[in-house]
1. How many of the residues making up segment 237-266 are without any contact (Cβ under 8 Å) to a residue 60 or more places away in the chain and either of a type in the set (Asp, Glu) or in contact with an Asp or Glu (Cβ under 9 Å, 6 or more places away or on another chain) (or both)?
2. In this structure, is residue 23 surrounded by 19 or more Cβ atoms within 10 Å (Cβ to Cβ), charged (D, E, K, R) and out of contact with any helix residue (DSSP H, G or I) (no Cβ under 6 Å at 6 or more places or on another chain)?
3. If you scan segment 116-130, which residues turn out to be of a type in the set (A, V, I, L, M) and surrounded by 15 or more Cβ atoms within 10 Å (Cβ to Cβ)?
4. Looking only at segment 131-143, filter to residues that are assigned to a loop (DSSP other than H, G, I, E, B) and not aliphatic (A, V, I, L, M); which one of those is most open to solvent (accessible area, probe 1.4 Å)?
Amino acid sequence: MKPFFSIIIAAYNSEKYLEQCLESIVNQTEKSIEIIVVNDGSCDRTKEILDAYIEKEKNSKLKVIHKKRNQGQSKAIITALEIVTGEYVSFVDSDDWIDEDYYLKIRKYLEKVPEVLITGYISEPGGIIRTNYKTDCMMSGKELIESNPVVHTSYDACFSWRMFFKTAFLKENQLLPNEKIVIGEDTEYNLRILKIAKKAMAIDYCGYHYRVDNPNSLVHQSYKKTLENDLILLYPTRKNFSEDKIYLQDMAKYYTDVMIFNVIRNAKESPNRFQIKGMRRILNEKWLLESYKLVPSSSMAFSYKERILRFCMKKRLSLICFLYYKFKRQIV
């Protein structure tokens with residue numbers, strides 16, 4: 001019988017947390033599931049753990065694909081999407097886990113047959129994170145995003161693992177992750193899906209446990225080689241999703257209040273020496289220049305010193321900004 005849920009796990013060097021993740025899924029009270037794990041060229045014990053689970057389960061519920069080399073999460077997901085058979089697709093990160101009745105509770109919300117369902121989640125550590133979307137109301141994906149005035153600054157467009165996608169909808173529209181994006185690939189994918197979805201819904205239910213203290217995760221790497229290029233690739237999808245003023249201003253605040261500082265901090269951590277040409281390149285990025293035009297000046301002033309700094313950044317005074325950050329130990 002066709003499973004109701006296809007659960008995709010992309011695993012790379014996940015030996016420390018993988019068993020907890022798998023146990024939480026294998027022992028679900030909802031039994032109409034298939035589990036597809038893509039071992040993305042791991043060089044630790046991930047393969048051995050997965051092979052042991054195949055032997056232990058001895059049924060077709062668990063499918064494992066071992067890849068010889070690491071090709072990235074997007075490619076791993078694409079590989080899994082080629083063989084899914086369930087009514088709905090969901091994702092679980094290999095270092096996370098879910099409540100025992102997670103899929104059973106989710107299934108009742110899917111009786112309305114949305115193309116996309118978005119949930120809250122539990123940050124570990126941190127606690128419950130509820131969505132800022134309008135909840136329990138079916139609408140288009142565009143309307144759903146626009147119901148959230150802080151969709152970018154609250155990171156509510158992130159994390160595909162908090163979403164459930166109707167499999168037929170994904171396949172009919174050939175919706176696959178962008179393999180060129182490494183950081184933020186889930187946000188780009190989610191927004192691209194939601195832009196064309198006619199039936200989307202958000203709920204407050206939280207049964208997914210998101211581990212934020214994994215020191216080996218990409219987010220904890222001090223230097224992210226692809227960060228600047230990923231921002232460039234992701235920007236058109238964010239920008240072109242909606243022309244709503246509140247949406248665009250929140251997007252602009254995300255870039256001017258958050259990402260510009262992340263990018264500068266990342267540049268300082270680069271193995272290549274931080275130089276003024278790097279600052280000049282950053283301050284001339286399209287995503288930043290256009291964002292400064294969208295954000296009211298009053299919203300950018302938190303202190304006299306920061307007001308001066310942001311003025312220099314907005315006016316692309318590269319030398320002043322470079323000297324400030326070159327000798328500053330901690331970036332705001």
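1. 8
2. Spelling it out, it is not the case that residue 23 is surrounded by 19 or more Cβ atoms within 10 Å (Cβ to Cβ), charged (D, E, K, R) and out of contact with any helix residue (DSSP H, G or I) (no Cβ under 6 Å at 6 or more places or on another chain).
3. Of everything in segment 116-130, those that are of a type in the set (A, V, I, L, M) and surrounded by 15 or more Cβ atoms within 10 Å (Cβ to Cβ) turn out to be 116, 117, 118, 122, 129.
4. 134
The values are calculated or read from the model by the stated rules, or taken from the named source; none is laboratory data. Fair warning: this is a prediction, and the values are worked out from it, not measured in the lab. As a convention, Cβ positions derive from the backbone with ideal geometry for all residues, glycine included, and neighbour counts pool all protein chains shown. Areas reflect the complete protein model, heavy atoms only, side chains present, ligands, DNA and RNA absent. Shrake-Rupley method; radii C 1.70, N 1.55, O 1.52, S 1.80 Å.
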